[in-house]
Amino acid sequence: MTIQEETNAPVAPPQQVSPARGWLGVAAITASLFVFLTTELMPIGLLTPLSESLHVSVGAAGLMVTAQGVAAGLGVPFIVAWTRRVNRRRLLTALLAVLAVGNLVTSIAPNYPLILGTRLIMGFASGVFWAIGVSMAMRIVPEKQANKAAAVVMSGIAIATVVGIPLGTLLESAGDWRTTFLIWSGLSALVFLAVAFTIPSLPSANAVSVREVFSLPVKNVQLRVVLIMVVLFVLGHFGAYTFVRPYLEETTSATVGFITVVLIVFGVGGAIGNFVGGQTVNKSLKGSFVAGGLLLIAALGMLLLIGTSDIGVIAAMVLWGVAFGVVQLSQINMTLAAAPETFEAAMSLNTMAYNTCIALGALIGGLFADHTGVTSVVWLGIVLVALAVLLRAVAGRKAAATS
């Protein structure tokens with residue numbers, strides 16, 4: 001069961017627009033995803049200069065990812081419910097305004113506590129975007145093109161990974177990390193204007209109560225198991241990925257230029273993985289998740305075994321990216337397959353689990369990095385992803401045995 005098959009909930013009719021303007025709106029929403037995701041993950045490529053400039057440890061600098069991820073995850077079910085009567089175009093422009101101002105404040109903040117507080121506020125905006133963005137895109141194009149619009153918006157993930165995060169690292173090497181966030185503030189403002197001028201009026205389509213969201217995994221055993229898998233996988237992946245730069249600098253004396261290349265090849269691998277997953281999830285959803293998880297474990301093992309050479313690092317990161325792309329698509333489809341009648345609630349829970357665990361992964365990885373060395377975060381990733389794969393395999397056998 002795919003995301004496209006579960007997006008047929010009744011919606012309020014949007015303002016009638018031409019197909020051309022509708023697709024311009026889809027492009028604006030895709031650009032929104034790009035700036036939200038790159039803002040959230042940008043510190044991953046900037047941990048070393050951030051820690052040095054702000055006079056904090058690498059692990060503490062990783063809390064910039066933690067703060068935004070915690071807010072994005074924990075805030076989404078509440079804010080979506082509280083804004084259920086707000087026109088979605090107005091809501092998205094407000095979220096982008098928060099992002100633009102937040103990046104500006106980050107670029108000029110005189111101290112680390114102010115940056116953390118700002119990232120927390122931006123996280124609330126990011127979480128709400130993940131809950132409403134795709135459905136907005138599907139409503140502003142002709143009905144028969146809605147699935148295509150959803151796919152275009154989700155491509156923003158690959159664009160952010162391939163272009164956004166490495167570009168931020170490159171800009172930092174040419175100037176400093178403050179310049180990077182200042183430029184992203186400007187990009188967020190441009191996307192704000194694009195959304196305001198291209199997206200038609202979109203009355204709220206689905207009013208989901210907070211009680212309904214949180215009662216769903218209590219009643220739905222399959223969804224509860226899937227969410228546990230998501231938690232384990234995201235903790236493992238981001239616990240390791242957040243500290244790629246410090247790990248490579250310690251083990252290979254990697255330069256900023258090489259780290260930029262590594263981030264790019266990871267993104268390219270992720271795009272390949274998304275394509276591969278798109279071909280396999282409909283054939284075997286369980287198999288896609290398990291295979292992707294095993295590939296990720298193999299990639300982390302390669303990083304430990306042959307990650308002392310540039311070729312070994314690149315090979316490991318490409319494989320890691322492919323694995324991540326496959327698992328990313330698989331876990332979304334597993335969430336939706338587990339709750340086919342409660343699409344929006346399931347997506348809210350997925351957003352909450354995913355973003356919260358990005359934050360916790362960075363936090364736990366930081367503790368390991370600070371107390372047992374950056375190599376330990378790779379082992380952390382291997383163990384947690386292995387647990388997710390094992391749970392998927394065991395749950396699949398139990399489901400087959402009871403069917």
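Given a Förster distance of 45 Å, report the FRET efficiency between residue 85 and residue 178 from their Cβ-Cβ distance, rounded to the nearest 0.05.
Given R0 = 45 Å and the Cβ-Cβ separation, E is 0.70.
When you restrict to C-alpha pairs under 8 Å that are six or more residues apart and normalise by the size of the stretch 39-111, the relative contact order lands at 28 percent. Relative contact order, whole percent, for the stretch 109-206 stands at 17, derived from Cα pairs under 8 Å and 6 or more residues apart. Residues of the chain were split at every exposed loop site, defined as trypsin sites (Lys or Arg not before Pro) in a DSSP loop with at most 16 other C-beta atoms within 10 angstrom, and the longest piece left, sites excluded, is 86-282.
With R₀ set to 30 Å, the beta-carbon distance separating residue 309 from residue 53 gives a calculated FRET efficiency near 0.50.
The relative contact order of the chain, computed from alpha carbon pairs under 8 Å that lie at least 6 residues apart in sequence, is 28 percent. Per residue, the chain reaches -27500 deg cm²/dmol at 222 nm when only DSSP H runs of four or more residues are counted, each adding -39500 (n - 2.57). Compared with the direct C-alpha span, the chain from residue 272 to residue 78 gains 66.4 nm at full extension, assuming 0.36 nm per residue.
Across the protein chains, with a 1.4 Å probe defining accessible surface, the residues 195, 383 rank 383, 195 from largest area downward. Placing unit charges on the Cβ atoms only, positive for Lys and Arg and negative for Asp and Glu, gives the stretch 111-251 a dipole magnitude near 520 debye about its Cα centre.
Largest GNM mean-square fluctuation across 111, 350, 274, computed for the chain with C-alpha springs under 10 Å, falls on 111.
Taking all protein chains together and a 1.4 Å probe, the residues 198, 280 rank 280, 198 from largest to smallest accessible area. Positive-end ranking of 203, 177, 235 along the dipole of the chain, with charges on Cβ about the Cα centre, is headed by 203.
Taking every lysine pair in the chain that is 8 or more places apart or spans two chains, those with Cα atoms closer than 30 Å amount to 9.
If you take the Cα centroid of the stretch 221-249 and the Cα centroid of the stretch 48-83, the two points sit 16 Å apart.
Rolled with a 1.4 Å probe across the full set of protein chains, the surface gives residue 308 an accessible area near 100 Å². Across all Cα pairs in the stretch 272-327, the calculated P(r) in 5 Å bins from zero up to the longest distance comes to 5, 25, 27, 18, 13, 8, 4, 1 percent per bin. How large a share of the accessible area of the chain, in percent, is made up of carbon and sulfur atoms when the probe is 1.4 Å and the other protein chains stay in place? That fraction is 70 percent.
The values are calculated or read from the model by the stated rules, or taken from the named source; none is laboratory data. No experiment lies behind these values; they were computed from the predicted model shown. Here the Cβ is made from the backbone with ideal geometry for all residues, glycine too, and neighbour counts use every protein chain on show. Accessible surface areas use protein heavy atoms only, side chains included; no ligands, DNA or RNA. Shrake-Rupley method; radii C 1.70, N 1.55, O 1.52, S 1.80 Å.
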